[in-house]
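The values are calculated or read from the model by the stated rules, or taken from the named source; none is laboratory data. For clarity, every value in this text was computed on a predicted model and none was experimentally measured. Counting neighbours? That spans all protein chains shown, and the Cβs are built from the backbone with ideal geometry, glycine included. These area figures cover heavy atoms from the full protein model, side chains too; ligands, DNA and RNA do not enter into them. Shrake-Rupley method; radii C 1.70, N 1.55, O 1.52, S 1.80 Å.
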Amino acid sequence: MMTATGTTALPGVAAEAALAVPGVAALQPRLARRLAAAAAPTRADTTPPEAGVRADRAPDGSGWHIEVRCVLTEGRRALDIARNVHDRVTAALVTHLATHGAAEPVTVAVTVTGIAAWRDAA
């Protein structure tokens, strides 16, 4: 049986792995999360990166389905970056689950939600 730490940490593990991929500018929260943040304008924008990751149990309970929503930087092939995100997130989650005694299957879906314009600060 997996500990609570193991299950609640999945979005954070996935977010960290995705953000480490060259070409990933940010992770984008789902619409519901963005609407909730807009409804509370008194709070500073403190949306954590893991808000761009959704982790659900497979319907039959046999593993996990992870969705990662990425904003990419321009100048690189989106397909290559998305594949790299998929591979790195999958590897990080499998390692994390094994560390917590839950060697379960993981499926990862990567959605590219936008391309951020890269601007030279000079």
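Observations
- Each residue, ASP56 and VAL71, gets one label point 7 Å from its Cα in the Cβ direction; the gap between the two is 2.4 nm.
- Sequentially through segment 67-80, phi angles give Karplus couplings (6.51, -1.76, 1.60; θ = phi - 60°) of 10, 10, 9, 10, 9, 9, 8, 6, x, 10, 6, 4, 4, 5 Hz, Gly and Pro residues having no value and appearing as x.
- Per residue accessible area in Å² of segment 56-122, where ligands, DNA and RNA are left out and the probe is 1.4 Å: 60
- Using θ = phi - 60° and Karplus 6.51 cos²θ - 1.76 cosθ + 1.60, couplings along segment 9-25 (whole Hz; Gly, Pro as x): 7, 4, x, x, 4, 5, 4, 4, 5, 5, 5, 7, 7, x, x, 8, 7
- In sequence order, calculated HN-Hα J values of segment 83-91 (Karplus, 6.51, -1.76, 1.60; Hz; x Gly/Pro): 5, 5, 4, 3, 5, 5, 5, 4, 4
- Less than 5 angstrom separates the built amide H of ALA26 from those of VAL71, all sequence-distant by 5 or more or on a different chain.
- Difference of contour (0.36 nm per residue) and Cα-Cα distance, LEU79 to THR111: 10.5 nm
- Scanning residues 5 or more positions from VAL21 or on other chains, none has an amide H under 5 Å from its amide H, with H placed 1.01 Å from N in the peptide plane.
- Annotation: amide H of GLY63 within the under-5 Å range of ALA58, sequence separation 5 or more or interchain, hydrogens built in the peptide plane.
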